[in-house]
Amino acid sequence: MSDVVHDFTADPLAWRPYLTPVVLDEATPAQREALKETPSNTKISDYVLVLAHDPESLGQRTPLFNGIMYGRGGLSRAERELGATAASVVNRCIYCVSVHAGRYISLAKQPEVIAAVFDGTEATLGARDRAIVGYATRLALNPPQATAEDMRALRAAGLSELEILDLTLSVAVFGWANRLMHPLGEAIRPGIHPNAA
Amino acid sequence: MAAILRHVDLIAATPREATRADIAALQAAGVATGDIVRLSQLIAFVSFQLRLIAGLRLMGAAP
């Protein structure tokens with residue numbers, strides 16, 4: 001299909017599921033309960049409505065995801081987004097990349113860091129960004145590839161233990177999110193799909 | 001069962017390779033929509049756990 005996007009971008013995209021989303025008006029009480037965490041003032045996305053086919057896992061996942069990505073203290077929002085972006089690049093979740101690369105750029109104002117992640121040229125980055133992206137990439141690809149050398153680089157770049165924990169959690173939770181969003185749907189150009197996420 | 005095992009291996013190890021055809025293969029094997037979502041959540045949650053545990057082990061190891 002010609003509107004499918006296959007290349008990494010930080011520009012907004014939409015997402016089209018391969019499975020039929022739950023229809024809100026027909027949702028069971030358990031599905032409605034699991035959907036409650038989604039703010040009522042925003043339209044519930046097709047992504048969340050696909051996950052609502054299994055309300056038990058959705059109900060557990062939403063608060064954990066929000067706590068990891070938006071909880072106060074520890075690693076900055078921007079650097080959590082950088083870890084999320086690096087993991088999403090490894091897993092080629094084009095839609096996830098567009099969202100989280102875009103958030104990183106709006107928070108950190110450093111599009112060149114995202115460009116390096118897209119190109120695999122993170123060796124050119126400063127020590128802190130290089131340590132974050134390198135660890136995130138290896139942990140996302142295959143956990144045993146992350147090593148004590150990554151820990152040394154993160155600590156040498158000034159990350160506290162709490163910041164390293166938050167980075168680990170953000171990369172891990174995108175190992176989760178990428179395995180839902182990419183296998184269950186595809187990234188498409190936005191604007192012409194009234195039902196897209 | 002073969003279709004489910006194949007899908008678990010694919011999504012656990014190389015999710016970047018997943019395409020629309022992989023979901024269609026589960027549907028063709030008779031896996032219901034709710035079960036496809038449950039299976040996907042299970043694979044994805046274990047992938048989360050493995051990365052969290054690996055990171056915690058590295059953090060806890062002697063510097």
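The values are calculated or read from the model by the stated rules, or taken from the named source; none is laboratory data. Treat the numbers as computed from the prediction; the structure is a model and nothing was measured. Counting neighbours? That spans all protein chains shown, and the Cβs are built from the backbone with ideal geometry, glycine included.
Given the residues B:D22, B:D9, which is the only one that is in a helix (DSSP H, G or I), more than 9 Å from chain A (Cβ to nearest Cβ) and of a type outside the set (A, V, I, L, M)?
Only one candidate passes the filter, namely B:D9.
So A:R138 ticks every box in (1) farther than 30 Å from A:L51 by Cβ; (2) surrounded by fewer than 24 Cβ atoms within 10 Å (Cβ to Cβ); (3) not small (G, A, S) but one. Which box is left unticked?
Going through (1) farther than 30 Å from A:L51 by Cβ; (2) surrounded by fewer than 24 Cβ atoms within 10 Å (Cβ to Cβ); (3) not small (G, A, S) one by one, A:R138 breaks only (1).
Please work out which one of (1) in contact with a Pro (Cβ under 7 Å, 6 or more places away or on another chain); (2) surrounded by fewer than 18 Cβ atoms within 10 Å (Cβ to Cβ) is the condition A:A108 fails and give its number.
Every condition holds for A:A108 apart from (1).
Identify, by number, the condition in (1) buried (at least 24 other Cβ atoms within 10 Å of the Cβ); (2) more than 19 Å from A:R77 (Cα to Cα); (3) within 10 Å of chain B (Cβ to nearest Cβ); (4) of a type in the set (A, V, I, L, M) that A:A148 doesn't meet.
That leaves (1) as the condition not met.
Of (1) within 14 Å of chain B (Cβ to nearest Cβ); (2) more than 30 Å from A:L51 (Cα to Cα); (3) in a helix (DSSP H, G or I), A:L159 satisfies all except one. Which?
The single condition A:L159 does not satisfy is (3).
In the stretch A:7-18, what count of residues is obtained for those that are within 23 Å of A:I105 (Cβ to Cβ) and either modelled with pLDDT under 95 or in contact with an Asp or Glu (Cβ under 8 Å, 6 or more places away or on another chain) (or both)?
So the answer is 1.
Results for (1) over 17 Å from the mean Cα position of the chain (by Cα); (2) modelled with pLDDT of 95 or more, shown as yes or no for each residue.
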position	(1), (2)
A:V133	no, yes
A:L139	no, yes
A:P144	yes, yes
A:R152	yes, yes
A:T168	no, yes
A:F174	no, yes
A:N178	no, yes
A:L184	no, yes
A:A196	yes, no
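Looking only at the stretch A:154-190, how many residues end up being aliphatic (A, V, I, L, M) and surrounded by fewer than 20 Cβ atoms within 10 Å (Cβ to Cβ)?
4
So A:A108 passes all but one of these: (1) within 14 Å of another protein chain (Cβ to nearest Cβ); (2) small (G, A, S); (3) over 20 Å from A:L180 (Cβ atoms). Which condition number does it fail?
Every listed condition holds for A:A108 apart from (1).
Would you pick out the residues in the stretch A:108-145 that are aliphatic (A, V, I, L, M) and within 20 Å of A:L75 (Cα to Cα)?
A:A108, A:V113, A:I114, A:V117, A:L125, A:A127, A:A131, A:I132, A:V133, A:A136, A:L139, A:A140
Only helices (runs of 4 or more DSSP H) wholly contained in the stretch A:34-104 count here; list those with 1 or more residues that are more than 14 Å from chain B (Cβ to nearest Cβ) and among the aromatic types (F, W, Y).
Once the helices (runs of 4 or more DSSP H) in the stretch A:34-104 are filtered for at least 1 residues that are more than 14 Å from chain B (Cβ to nearest Cβ) and among the aromatic types (F, W, Y), what remains is A:55-70.
Checking A:V117 against (1) over 12 Å from A:L167 (Cα atoms); (2) hydrophobic (A, V, I, L, M, F, W, C); (3) touching a residue at least 60 places away in the same chain (Cβ under 8 Å); (4) crowded, with 23+ Cβ neighbours inside 10 Å: exactly one of these is not met. Which one?
Result: A:V117 fails condition (3) only.
Restricting to the stretch A:103-128, give me the number of residues that are in contact with a helix residue (DSSP H, G or I) (Cβ under 9 Å, 6 or more places away or on another chain) and closer than 23 Å to B:R16 by Cβ.
13
State the number of residues belonging to the stretch B:26-63 that are in a loop (DSSP other than H, G, I, E, B), of a type in the set (A, V, I, L, M, F, W, C) and more than 7 Å from chain A (Cβ to nearest Cβ).
Of the residues in the stretch B:26-63, 4 are in a loop (DSSP other than H, G, I, E, B), of a type in the set (A, V, I, L, M, F, W, C) and more than 7 Å from chain A (Cβ to nearest Cβ).
Among the numbered criteria (1) more than 9 Å from chain A (Cβ to nearest Cβ); (2) in contact with a His (Cβ under 9 Å, 6 or more places away or on another chain), which single criterion is violated by B:P15?
Failed condition: (1).
I need a count of the residues in the stretch A:82-93 that are farther than 17 Å from B:F48 by Cβ and surrounded by fewer than 24 Cβ atoms within 10 Å (Cβ to Cβ).
1
Would you confirm whether any residue within the stretch B:28-41 is surrounded by 13 or more Cβ atoms within 10 Å (Cβ to Cβ), within 30 Å of A:I164 (Cβ to Cβ) and either modelled with pLDDT of 95 or more or touching a His at 6+ places or on another chain (Cβ under 8 Å) (or both)? Break it down stepwise before answering.
So the first thing to find is which residues in the stretch B:28-41 are surrounded by 13 or more Cβ atoms within 10 Å (Cβ to Cβ), and the list is B:29, B:31, B:33-41.
Pick out the ones that are also within 30 Å of A:I164 (Cβ to Cβ) and you get B:40-41.
Of the ones still in play, those that are also either modelled with pLDDT of 95 or more or touching a His at 6+ places or on another chain (Cβ under 8 Å) (or both) are B:40-41.
Yes - at least one qualifying residue is present in the stretch B:28-41.
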